[in-house]
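In what follows, a single structure is set out as structure tokens and then discussed.
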Amino acid sequence: MRPVVNQQLLDAIHCSDEISGLTHNAYRYPARSSPYFVRAVIETFTQPGQLVFDPFMGGGTTLIEASVLGRKAVGCDINSLAVFVSKAKTLLMSNRDLAVVNAWARTLVSASTIRQRIEVGSDWIDLGYLKHLDKRETWRMRKMIAIALESLRYLRSDDQRILARLIILRTAQWALDNRRTIPTVHEFRKMLQTTASEATKSSKEYSKAASAVLRTYGSQGANRPVCLHRTVIGIEHDPQVRSLNPPRLILTSPPYPGVHILYHRWQVQGRRESPAPFWITNSLDGEGASYYTFGDRNNQDLKTYFSNAEVAFRSIAQISDAKTIIVQMIAFSDPAWQLPEYLRAMERAGLREIAFDSSTSAKCRIWRSVPNRRWYASWRRGIPSSQEVVLLHQLA
Ligand SMILES: C[S@@+](CC[C@H](N)C(=O)[O-])C[C@H]1O[C@@H](n2cnc3c(N)ncnc32)[C@H](O)[C@@H]1O
């Protein structure tokens with residue numbers, strides 16, 4: 001099948017609307033994909049019941065969109081935070097569970113006070129997960145988060161607890177990550193309430209859409225998304241993946257070469273890196289930043305990055321067949337040399353780039369601008385000043 005650029009896809013690439021809808025905003029995962037782009041790609045290249053796989057699923061944008069479009073959705077990520085977020089955003093919640101979570105948030109907001117006695121887990125402190133949260137400005141937030149986490153024990157089901165934890169995580173991200181001024185306790189409580197009502201509303205919207213689709217396309221193979229916590233390297237040996245047909249679409253954003261993105265830290269009060277999201281999600285951190293980014297970006301010529309990209313995409317090629325289309329959105333710190341190097345890594349992995357447009361064999365690539373996240377396409381005009389590009393591949 002030769003892909004055809006349709007107007008919906010081009011419009012989605014140009015779209016600069018704020019991200020909204022479904023559960024997309026329930027946590028702001030770094031470098032998250034545009035759901036408008038993801039939706040348009042899924043609709044362009046697949047039919048209901050077919051499998052969409054995201055090997056670098058991050059905050060689950062592909063899985064959310066694929067599942068409400070009646071596609072089978074499977075993703076994996078090396079980051080336990082990504083796996084928690086993707087699972088939480090794709091929960092099928094009953095109205096009763098949502099009401100319980102809302103009531104939990106109301107009680108927590110009205111009953112919690114900074115004077116409450118609370119033990120902040122000493123294991124987490126010993127392991128360094130609460131680093132930078134003991135300063136004059138931040139200790140109150142740490143205590144409020146600890147109080148909120150402690151109150152999870154009043155919830156009865158796993159799904160209720162996961163959604164409530166996601167609400168705490170998003171509120172804490174708002175309070176701590178990339179902020180000049182740390183909010184007051186009063187502001188934190190107010191935001192917790194707002195986040196809870198938004199998260200339960202968006203979870204209801206997602207659950208309604210995904211359940212309706214399961215009723216319609218379940219017999220054709222649509223399922224609840226599967227989020228695997230693992231590296232994509234060696235995915236061809238994974239029993240769950242081996243039991244499936246090859247994906248019709250692999251849609252992803254891999255780590256970006258040379259671009260500084262922290263998938264596993266919040267930046268508190270300037271450049272202090274905090275592993276607090278792992279404390280809040282009760283999950284363990286991997287290693288350093290290079291663990292999540294295919295290697296250290298200061299490594300000479302990004303050799304480790306490109307060799308990891310090659311090995312990862314060789315595994316991706318192993319689970320593909322002749323009909324699989326691989327669509328990537330990727331950014332570069334210096335596209336002039338990194339894009340050709342990246343394309344060579346794809347070739348060595350057994351993938352060939354395909355033209356975006358069936359009417360020409362030229363490799364027309366669509367670029368978008370990164371800094372203000374505004375999308376624009378430069379169609380058939382070489383490499384523009386933007387740094388994000390859409391690439392299409394198939395098995396060589
Ligand atoms: C650009 S982000 C994906 C963002 C995602 N598209 C979204 O909408 O949230 C890249 C992801 O790749 C993950 N990653 C890095 N190395 C990996 C590996 N070897 N296997 C699987 N995931 C990996 C990182 O943890 C990160 O979550």
Study note, to complete from the structure: Each label sits 7 Å from Cα toward the beta-carbon; between residue 153 and residue 334 the label points are separated, in nm, by 5.5
Check your understanding: If you place +1 on the Cβ of every Lys and Arg, -1 on the Cβ of every Asp and Glu, and leave all else neutral, what size is the dipole of the stretch 95-201 about its Cα centre, to the nearest 20 Debye?
Key -> 380
Practice item. Take every Cα-Cα distance within the chain, group them into 20 Å bins from 0 onward, and report for each bin the whole-number percent of pairs it holds. Key: 27, 57, 16, 0
Practice item. Among the lysines, select those whose C-alpha is under 18 Å from the C-alpha of residue 204, and discard any that sit fewer than 8 residues away in the same chain. Key: 87, 89
Revision key, fill the gap. Filtering GluC sites (Glu not before Pro) in the stretch 247-325 by DSSP loop and by at most 16 other Cβ atoms within 10 Å leaves 287
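So how much slack lies between residue 299 and residue 16, counting 0.36 nm per residue of separation and subtracting their Cα-Cα distance, in nm?
Details: separation 283, 0.36 × 283 = 101.88 nm, distance 3.37 nm.
98.5 nm is the gain from fully extending residue 299 to residue 16.
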Check your understanding: On average, how much area does the Cα convex hull of the stretch 95-201 cover when viewed from any direction, in nm²?
Key -> 6.8
Point to revise | Partner lysines for residue 323 [C-alpha distance under 23 Å; skip if fewer than 8 residues away on the same chain] | key: 72, 363
Practice item. Give the distance, in whole Å, between the Cα centre of the stretch 244-301 and the Cα centre of the stretch 21-84. Key: 17
Check your understanding: Toward the positive end of the charge dipole of the stretch 95-201, about the Cα centre and with charges on Cβ (Lys, Arg +1; Asp, Glu -1), which of 133, 200, 183 goes farthest?
Key -> 183
Check your understanding: Gaussian network model of the chain, Cα springs within a sub-10 Å range: biggest mean-square fluctuation belongs to which of 151, 20, 243?
Key -> 243
Exercise for review: Mind giving me the nanometre distance, one decimal, between the label points for residue 116 and residue 243, set 7 Å out from Cα along Cα→Cβ?
Suggested key: 4.1
Revision key, fill the gap. So the carbon and sulfur contribution to the accessible area of the chain, 1.4 Å probe, in percent, is 47
Practice item. Select from 180, 170, 189 the residue whose mean-square fluctuation is largest in a Gaussian network model of the chain (Cα-Cα springs shorter than 10 Å). Key: 180
Check your understanding: Is the stretch 187-287 best put as rounded, prolate or oblate by its Cα gyration tensor, with a ≥ b ≥ c the root eigenvalues, rounded for a/c under 1.5, and otherwise prolate when a/b is larger than b/c, oblate when not?
Key -> oblate
Practice item. Excluding residues fewer than 8 places away in the same chain, name every one of the lysines whose C-alpha is closer than 19 Å to that of residue 143. Key: 131, 135, 190
**Study point:** Net length gained if the chain between residue 271 and residue 47 were fully extended (0.36 nm per residue, minus Cα distance)
**Key:** 76.2 nm
Revision key, fill the gap. Comparing 282, 298, 178 in a Gaussian network model of the chain (Cα, 10 Å), the one with the largest mean-square fluctuation is 298
Check your understanding: With the other protein chains left in place, how much accessible area per residue, in square angstrom, belongs to the stretch 95-201 at a 1.4 angstrom probe?
Key -> 56
**Study point:** Simple spin-label estimate for residue 8 and residue 123 in nanometres, 7 Å along Cα-Cβ
**Key:** 4.7
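The values are calculated or read from the model by the stated rules, or taken from the named source; none is laboratory data. For clarity, every value in this text was computed on a predicted model and none was experimentally measured. FYI the Cβ positions are ideal-geometry reconstructions off the backbone, even for glycines, and counts take in every protein chain you see. Keep in mind that these areas ignore ligands, DNA and RNA; they rest on the heavy atoms of the full protein, side chains included. Shrake-Rupley method; radii C 1.70, N 1.55, O 1.52, S 1.80 Å.
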